[in-house]
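Q: Next up is a structure, given as structure tokens.
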């Protein structure tokens, strides 16, 4: 599956989840309008209850910070892994070929495991009568928007301030044959990763086109190669020393 590293996307998802959870806890000041309604209307940055150490906390509560962090991380991992794989690995280069409409996100929310609702209420302190699906919708919508942005860093070495080039995850030289054989769809063949020129040239120098198509058609898969990880580490160190 083509797309950005799922590890990088999880960090984006965790940030979106934490932000909306803080907002959900914060008492509403909008004349009876529920927190879920405020979230759905896009009020994603108002009303944080921030502690001196930067932690968000529900008003009137004093949970153990470390325990709360563990619970949030654990639940966020479960929710993230329940998403479709293409959503977990999406990036600015994949969204245009298969956009996520409101109806599609709503369908994803309706297909999430039912036990996630009760788990959120039991372990995260969300009221029993809360509409958890709305909260999930707001989190996933925010995540789609954030993950689809080109953050200006190479998807292999994660360096900034370098001109990025489009690396076709399925090499263009193979498109005609693969499309004819029905192995990939047109939108899959369009998917790219944004790499700095150094990483782009390294990938094509070390991995043959047929192997890229068969075994390394995503950033996640490329990063499973030891030589790719070592390359990324080495050029990051060069920048630090410079």
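Q: Return a whole-number percent for the relative contact order of the range 164-241, with Cα pairs under 8 Å and 6 or more residues apart as the contact set.
A: 36
Q: Could you check the simple spin-label distance between residue 11 and residue 177, using points 7 Å along Cα→Cβ, in nm with one decimal?
A: It works out to 3.8 nm between the two label points.
Q: Set the Förster radius R0 to 41 Å, insert the Cβ-Cβ distance between residue 130 and residue 201 as r into 1/(1 + (r/R0)^6), and round the FRET efficiency to 0.05.
A: 0.20
Q: For residue 163 and residue 227, what does the FRET efficiency come to when R0 = 25 Å and r is the distance between their Cβ atoms, rounded to the nearest 0.05?
A: Between residue 163 and residue 227 the formula returns 0.60.
Q: Looking at the square roots a ≥ b ≥ c of the eigenvalues of the Cα gyration tensor of the range 148-209, which shape do they give, rounded for a/c under 1.5, prolate if a/b is larger than b/c, or oblate?
A: Since a/c reaches 1.5 but b/c is at least a/b, the shape of the range 148-209 is classed as oblate.
Q: When the chain is fully extended, how far beyond the present Cα-Cα distance does residue 236 get from residue 114, taking 0.36 nm per residue of separation?
A: 39.6 nm
Q: Right, here's the next one. Can you give me the C-alpha center-to-center distance between the range 184-242 and the range 137-169, rounded to a whole angstrom?
A: The distance from the Cα centre of the range 184-242 to that of the range 137-169 comes to 15 Å.
Q: What ranking of 106, 81, 90 emerges when the number of other C-beta atoms within 10 Å of each C-beta is taken as an exposure proxy, fewest first?
A: 81, 106, 90
Q: Right, another one. If each residue's Cβ is checked for other Cβ atoms within 10 Å, how do 72, 219 rank with the fewest at the top?
A: 72, 219
Q: Further question: Quick one: order 148, 141 by neighbouring beta-carbon count within 10 Å, fewest to most.
A: With the fewest neighbours first, 148, 141 line up as 148, 141.
Since every read-out is calculated from the coordinates, none of them should be taken as a lab result. If you're wondering where the values come from, they're calculated on a predicted model, not measured in any experiment. Virtual Cβ from ideal backbone geometry, glycine too; neighbours counted across all protein chains shown.
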